[in-house]
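**Q** Mind looking over this structure? Questions follow.
The values are calculated or read from the model by the stated rules, or taken from the named source; none is laboratory data. Model, not experiment: these values are computed from the prediction. Don't worry about glycine lacking a Cβ; one is built from the backbone with ideal geometry, like all the others, and counts go over all protein chains shown.
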Amino acid sequence: GAVVSQHPSWVICKSGTSVKIECRSLDFQATTMFWYRQFPKQSLMLMATSNEGSKATYEQGVEKDKFLINHASLTLSTLTVTSAHPEDSSFYICSARDLLRGTQPQHFGDGTRLSIL
Amino acid sequence: GESVGLHLPTLSVQEGDNSIINCAYSNSASDYFIWYKQESGKGPQFIIDIRSNMDKRQGQRVTVLLNKTVKHLSLQIAATQPGDSAVYFCAETFGNEKLTFGTGTRLTIIP
């Protein structure tokens, strides 16, 4: 149980393109999902907290107009990297909390490797 | 600001031996701690957790120890196997809010 799925797992695109990443909780409902970014050989850095039916909360230094988050249902959150540039290349990972359980731990997806040419 | 860090960035252990991965945290208010395992190209996988009202918790081949006095967390893996090779992260949180991850330790199991 507690499976989180991300799609796509890997994307390569040209600079200036917008890329959408999906995060789904497959067997539980999640009012809260989290988006992380991980550069090579580094830790996970929280970008934003996605709340179902309301605006996302962004961490300091993360541009909300650059990284658009939509959490339209209890099982789906999307992250759109708008006008992506090479410096946006990274490993993007989402996680979700089980609504019924209410508490930790967060369950993580297998990430999306984004490469901007 | 507050941070969670690890003492050793890399650790090599002979297969079958026990391993210990350490983590220091600075937020004394943190009340929940988790160890995650991350294999190459994958997301973090939950290993074991512990709440601040405990000082030890055991799972299958893994034990987490919490020392609140010195704000230290450790993960012990018994009888290591090749499949244990990965990067291990500790994470902390307070009041069921967002997680703060440590810097990670790469564990390599030597056959």
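**Q** Which one of these does A:MET47 not meet: (1) over 15 Å from B:LYS98 (Cα atoms); (2) within 13 Å of chain B (Cβ to nearest Cβ)?
**A** (1)
**Q** Could you tell me which residue of the range A:96-117 is farthest from the other protein chains (Cβ to nearest Cβ), considering only residues that are basic (Lys, Arg) and closer than 24 Å to B:THR93 by Cα?
**A** A:ARG101
**Q** So, in the range A:63-95, exactly how many residues are within 11 Å of chain B (Cβ to nearest Cβ) and among the hydrophobic types (A, V, I, L, M, F, W, C)?
**A** 3
**Q** Inspect the range B:33-46 for any residue being more than 23 Å from A:GLY109 (Cβ to Cβ) and either surrounded by fewer than 17 Cβ atoms within 10 Å (Cβ to Cβ) or touching a His at 6+ places or on another chain (Cβ under 8 Å) (or both) and give the result as yes or no. Working first, answer last.
**A** Of the residues in the range B:33-46, the ones more than 23 Å from A:GLY109 (Cβ to Cβ) are none.
The answer is no, given that none of the residues of the range B:33-46 is more than 23 Å from A:GLY109 (Cβ to Cβ) and either surrounded by fewer than 17 Cβ atoms within 10 Å (Cβ to Cβ) or touching a His at 6+ places or on another chain (Cβ under 8 Å) (or both).
**Q** Let me ask another. Please work out which residue is nearest to B:PRO9 (Cα to Cα), limiting yourself to the range B:46-95 and to residues that are within 12 Å of another protein chain (Cβ to nearest Cβ) and more than 11 Å from the chain's Cα centre (by Cα).
**A** B:THR93
**Q** Could you say whether any residue in the range B:103-110 is within 30 Å of A:HIS7 (Cβ to Cβ), surrounded by fewer than 19 Cβ atoms within 10 Å (Cβ to Cβ) and within 10 Å of chain A (Cβ to nearest Cβ)?
**A** Taking every residue of the range B:103-110 in turn, at least one turns out to be within 30 Å of A:HIS7 (Cβ to Cβ), surrounded by fewer than 19 Cβ atoms within 10 Å (Cβ to Cβ) and within 10 Å of chain A (Cβ to nearest Cβ).
**Q** Taking the range A:47-56 as the region of interest, how many residues are within 13 Å of the chain's Cα centre (by Cα) and either among the basic types (Lys, Arg) or modelled with pLDDT under 95 (or both)?
**A** Count: 4.
**Q** Still on this structure, I have one more. Mind checking whether some residue in the range B:71-80 is in contact with a Leu (Cβ under 6 Å, 6 or more places away or on another chain), more than 28 Å from A:ARG113 (Cβ to Cβ) and modelled with pLDDT of 95 or more?
**A** Yes - at least one qualifying residue is present in the range B:71-80.
**Q** Does A:LEU68 meet the test of being modelled with pLDDT under 95 and either within 13 Å of A:LEU114 (Cβ to Cβ) or among the aliphatic types (A, V, I, L, M) (or both)?
**A** The answer is no for A:LEU68.
**Q** With respect to B:VAL4, determine if the residue is closer than 14 Å to A:LEU44 by Cα, of a type in the set (A, V, I, L, M) and at pLDDT below 95. Please lay out each step first, then the result.
**A** On the way: closer than 14 Å to A:LEU44 by Cα: yes; of a type in the set (A, V, I, L, M): yes; at pLDDT below 95: yes.
Criteria met by B:VAL4.
**Q** Select from the range A:1-33 the residues that are part of a loop (DSSP other than H, G, I, E, B), more than 14 Å from A:SER89 (Cα to Cα) and at pLDDT 95 or above and list them in ascending order.
**A** Across the range A:1-33, the qualifying residue is only A:PRO8.
**Q** If you scan the range B:44-94, which residues turn out to be under 22 Å from A:ILE93 (Cβ atoms) and of a type in the set (S, T, N, Q)?
**A** Matches in the range B:44-94: B:GLN45, B:SER85, B:THR93.
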